[in-house]
Amino acid sequence: MTPSRPAEPSSLVGPVNRNLGIFLVSVLGLFLEMLLIRWIGTEIRIFAYLQNTILIVCFLGLGLGCFTCRQEIKIQRTLIPLLCLTAILAIPFTRDFVANISTMLSSLDELVIWEYERVSGGWLVLSRMTLGLILTLLLMLLVCETFIPLGRLLGRYMDDHPRTIQAYGVNVGGSLIGIWLFALLSALHAPPVVWFAVAAGLLAVFVNAGGRRLANLAVLGAVVVTAGLADMNSDALVNTWSPYQKLTLSENNDASNWRGRYVVTVNNAAYQGIVDLSEEALRLDPPEVGRDRISQYDIPLRFKPQPKRVLIVGAGTGNDVAGALRAGAEHVTAVEIDPAIIKMGRDYHPEQPYASPRVTVVTDDARAFFETTDERFDLVIFGLLDSHTTTSMTNARLDHYVYTKESLSQARSLLTDDGVMMLTFIAQRPYIADRISTCLTEVFGRAPLIFGIPQTEIGWGGATFVTGSQDSINAALGSDQELAAQIADWQQRHPIVLPGGTEIAVDDWPYLYLEHRRIPTLHYLLGVMVLVLAFHYRKRLGVWSSAAGRPWLTRTNLHFFLLGAAFLLLEVQNISKASLVFGSTWIVNAVIISGILTMILLANLMASALPGLSQKLVGGCLIASCAVLYFVDLSQMSVLPLVGRVLVVGLLTTLPMFFAGIVFIKSFAAVERKNEALGANLLGALVGGLLESITFVIGVKALLLVVAGLYLAALATRPRQLDATLEEKDHAAEEPFGGSADAVGEEELVTLG
């Protein structure tokens, strides 16, 4: 560590007071975090399943910056790596090259990445995997470099601020705005060039830091222009960024493989084909189907002819809906989480299923719909509902909570007495099919009818499970000889091998794509790479070493480190729990994170209003609230009205955050070296992100025990002298949000560098 005294100013950031500086850096930091997590996870798909990796590296950069905030601040050290990242992800040649990281790392057999099959054995595979890890490390290095100057800006502003509680409140408020700013752009389907234009506007405030103002502005312009290359796809009819993923609709150039005119890709992977199977289309252009005469989109209503009410979850662009309408369904409820996919179906599906008055389209998460609807259905169809991304900040993919025992039980409860459920899933590994089959067996009390549908020009195929009313299923097979013969033929030619003994997915352990309870090897390797980066910066920046005879690992820093680790794990826990009640939609995640930050702001107000509040009492309430959250089953709250659910679930999940916020701000207000405390807190959050992987072994609920243990350790390591310092500062009657940070003396020019 360098001495904690300001360097001589080399440039000015204009007449910006500390509050405004903290606010802008906080907005920028959160916005840029979400931007890079989203974009890197889109273009390099393995990071779509490992979103925490980028989050962890962002925390590392911010934490390092806070620790070294008295070193020179040059904003070009953010701009240059950001330009490199933008070029790598936007220019087609480099983007296609780094996208191969997913291929290189797909040999690790624990991960299921769409369109990437496991390859094992041989030096070629080992060398390819090594190259993938090296490229991943370089990307992580660029991300970390981007955030170090921002951490220095934040650390400098916070360390110099005379009113700590006010400063932290502004920091949290700026973070809240950063989240909603990016959420708004996602809701508007804004492309990367717009994201970077907004980021450039925020960065432009600090272009004087380190000098070379014109050069910095030129690099900023280059970043925005380069980002504009990201959506230059000459073959695409539609290229859009939904709140969840990058979607591209193109004309089908391989008619021999798929008769549909259009193909949809998600995050650069083939996802859906839009096919016209209307009577007129088949008459004009009969498909060459050979022995595969029945389309998978027509099979469900062969099991349940002329149904009154049909539910389709994962409705996509409308192929399943069109099949139900062709077969005479009286009414179809189509549930699809992504509004951009629905729009593609409305605009491009030749049968126009979403325009039918017999169809109700619901834009929602399937699990949330199961829990909130009071309708009953003759037929429930799972239409190839699978995910190419994770939910925000957790290891769970968007579809994980759809295929748990609790979710399938809810789906069963929606069936009429003679209703039928058909679930089709592209099970890339035998254990996935076994997991779904075993779960359906437990839910319905009997094994489902299972057959594999091959990919043909009239359907993408998949492992198919039919269950529900056995009388209805037997009646269909007995009366429809063509259906029975087709299924028997598929069972012979495309058998679904079930290994047996696979643990089913439940809400507490929803990991559909993990064979058994273990932390995937790649998560260990990513942890090692974070350590490599940490040791690299230890030597380069002089952090984590003694300065002026004072060790960096003080009891105070350990206290803040443990608070950071516990906080991030608690945030992950809350998102997972709330997803069970409200679904995994983007708006739910944004509201949850916003609720957490709002509770921290309330904690700030409480700490300021009651300066003599006992830390022991607050700590006891913190542990007690974690215990309540552990024992209460929030999924039972789904029976409450929406307002009641929001209030009860919101209060229970954020109450520990409130007490943790009081502990943090009371300690932060008393600490002398605020930059170190904030840096330690961010590095603790980094470790919390790594610790999230233990949910693969212990489940989601048990994570609260780890959180409680970390908070107990944080309370135990809180230095007693902080209370004495607080008593002295209480006489200053510090206001939380009133007055100006620069009211002490004349308004100063904040100097950086």
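Just so it is clear, none of the values below were taken in a lab; they were calculated from the coordinates. Values in this document were obtained by computation on a predicted structure and should not be read as measured data. Cβ sites come from the backbone with ideal geometry, for glycine too, and all protein chains shown count toward neighbours.
On full extension of the chain, what length is gained from Leu126 through Lys308, given 0.36 nm per residue of separation minus the C-alpha to C-alpha distance? Please report the intermediate quantities before stating the final value.
On the way: separation 182, 0.36 × 182 = 65.52 nm, distance 5.57 nm.
Contour length minus Cα-Cα distance gives 59.9 nm.
Between Val238 and Leu138, how high is the FRET efficiency from 1/(1 + (r/R0)^6) when r is the Cβ-Cβ distance and R₀ = 35 Å? Nearest 0.05. Could the numbers behind the result be given before it?
Numbers: r = 33 Å, r/R0 = 0.94.
FRET efficiency, Val238 to Leu138: 0.60.
Charged side chains reduced to their Cβ positions (Lys and Arg at +1, Asp and Glu at -1) give the chain a dipole of some 2140 debye around its Cα centre.
What ranking of Met422, Met637 emerges when the number of other C-beta atoms within 10 Å of each C-beta is taken as an exposure proxy, fewest first? Each step should come with its number before you reach the end.
Working: Met422 26, Met637 21.
Least to most surrounded, the residues fall as Met637, Met422.
Amide H to amide H distances under 5 Å link Lys701 with no residue, where only residues 5 or more positions off or on other chains count and H is placed in the peptide plane.
Under 15 Å from the Cβ of Val238, count the other residues' Cβ atoms, weight Lys and Arg +1, Asp and Glu -1, and hand me the total.
Working: positive: Lys246, Arg261, Lys343, Arg346; negative: Asp231, Asp235, Glu251, Asp338, Asp347.
My count for the surroundings of Val238 gives -1.
Relative to the dominant Cα principal axis of the chain, helix 76-90 is inclined by about 10°. When the helices of the chain are scored as -39500 (n - 2.57) per DSSP H run of n ≥ 4 and the total is divided over every residue, the value at 222 nm lands at -17500 deg cm²/dmol.
Using 1/(1 + (r/R0)^6) with R0 = 56 angstrom and r between the beta carbons of Gln352 and Leu217, what's the FRET efficiency to the nearest 0.05? Between Gln352 and Leu217 the formula returns 0.70. Angle of helix 470-479 to the longest C-alpha principal axis of the chain, folded into 0 to 90 degrees and rounded to 10: 40°. A simple rule links phi to the HN-Hα coupling: the Karplus curve 6.51 cos²θ - 1.76 cosθ + 1.60 with θ = phi - 60°, which for the stretch 441-448 gives 4, 5, 6, 9, x, 8, 5, x Hz, with x for Gly and Pro. Just subtract the alpha-carbon distance of Glu503 and Asp471 from 0.36 nm times their residue separation and send over the number in nm, one decimal. Length gained between Glu503 and Asp471: 8.6 nm. A simple charge model with +1 on the Cβ of Lys and Arg, -1 on the Cβ of Asp and Glu and nothing else charged puts the dipole of the stretch 551-723 at about 240 debye relative to its Cα centre. Taking amide H as placed 1.01 Å from N in the peptide plane, Val506 has its amide H under 5 Å from the amide H of Lys405, Tyr511, each at least 5 places away in sequence or on another chain. Label separation (Val225 vs Glu375): 5.2 nm, computed from points 7 Å beyond Cα along the C-beta direction. Between Val361 and Ala334, the built amide H atoms are under 5 Å apart, and every one of these is 5 or more places off in sequence or on another chain.
Would you mind checking the pairs Lys74/Lys539; Lys74/Lys674; Lys343/Lys577; Lys577/Lys616; Lys405/Lys701 and listing those with alpha carbons more than 24 angstrom apart?
Working: Lys74/Lys539 19 Å; Lys74/Lys674 21 Å; Lys343/Lys577 30 Å; Lys577/Lys616 28 Å; Lys405/Lys701 16 Å.
Distance filter (> 24 Å) returns Lys343/Lys577; Lys577/Lys616.
Modelled spin labels at Thr94 and Ile694, positioned 7 Å past Cα toward Cβ, are 3.9 nm from each other. Among DSSP beta bridges lying fully in the chain, give the percent that are antiparallel, nearest 5. Bridges in the chain are about 60 percent antiparallel.
Placing unit charges on each Cβ (+1 for Lys and Arg, -1 for Asp and Glu) gives the chain a dipole about its Cα centre, and among Gly21, Val697, Gly41 the Cα reaching farthest toward its positive end belongs to Gly21. With a Förster radius of 30 Å applied to the beta-carbon distance between Leu553 and Gln615, the computed FRET efficiency rounds to 0.85.
The residue list Val649, Leu423, Ile56 was ranked by how far each Cα lies along the charge dipole of the chain toward its positive end, using unit charges on Cβ atoms, and Ile56 comes out on top. Relative to the longest principal axis of the Cα atoms of the chain, helix 615-631 runs at roughly 10 degrees. In a fully extended conformation the segment linking Gln492 and Ser278 would gain 74.2 nm over its present Cα-Cα distance, using 0.36 nm per residue.
Less than 13 Å Cβ to Cβ from Ala355, Lys/Arg counted +1 and Asp/Glu -1: what total charge do the surrounding residues give? So the environment of Ala355 carries a net charge of +1. Extending 7 Å from the Cα toward the beta-carbon at both Ser479 and Glu72 defines two label points whose distance is 8.4 nm. Counting neighbouring beta carbons within 10 Å and listing from fewest to most, the residues Ser186, Ser127 come out as Ser127, Ser186.
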